[in-house]
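Heads up: the structure comes next, in structure tokens.
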């Protein structure tokens, strides 16, 4: 339990650093995933989407139906980076920004764990549906940075605490947060 709390503290600290970088520069620059990898032809934003999803997966402690088994890391190549769009529950539906994640829909999947604050790095995310799972802990306040988010459904989980104020400013979201 102490190890999980320590890991969550590290993830939270990293999310704060990401948020600070976003607020000062508007762009995050990431190192390649391998020291000898060429830069991604699709650019850093697609790699950030992949890393955000993999960070979400790390905090999923139970996946009894193997829903996230298709979520495997790319190694900096265009083919592997665009594969996030073929991961189960992930949608990339932007013509102007191909390869960018626009939806994450995983209901009901019996997933257990906590919701990663790194989902806030999915800057083109319009739909987030994690309903009918067993997520616990708090709703990450970082989700309030998702300015394109139009739909949020976290019903029927074991979430605790209050709805973050950062989500209150996103008043256009018809949030389904009952039975958290």
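The values are calculated or read from the model by the stated rules, or taken from the named source; none is laboratory data. Since this is a predicted model, take the numbers as computed values, not measurements. Here the Cβ positions follow ideal geometry from the backbone for every residue, glycine too, while neighbour counts run over all protein chains shown.
Once region 125-147 is narrowed to residues that are surrounded by fewer than 20 Cβ atoms within 10 Å (Cβ to Cβ) and in contact (Cβ under 8 Å) with a residue 40 or more places away in the chain, the residue that is nearest to residue 165 (Cα to Cα) is 137. When residues in region 106-124 are screened for being under 12 Å from residue 154 (Cβ atoms) and either surrounded by fewer than 18 Cβ atoms within 10 Å (Cβ to Cβ) or without any contact (Cβ under 8 Å) to a residue 24 or more places away in the chain (or both), 1 of them pass.
Scanning region 36-55 for any residue that is in a loop (DSSP other than H, G, I, E, B), farther than 22 Å from residue 147 by Cα and at pLDDT 75 or above turns up nothing. Of the strands (runs of 3 or more DSSP E) lying entirely inside region 79-180, the ones with 2 or more residues being within 16 Å of residue 51 (Cα to Cα) and at pLDDT 95 or above are found at 103-105.
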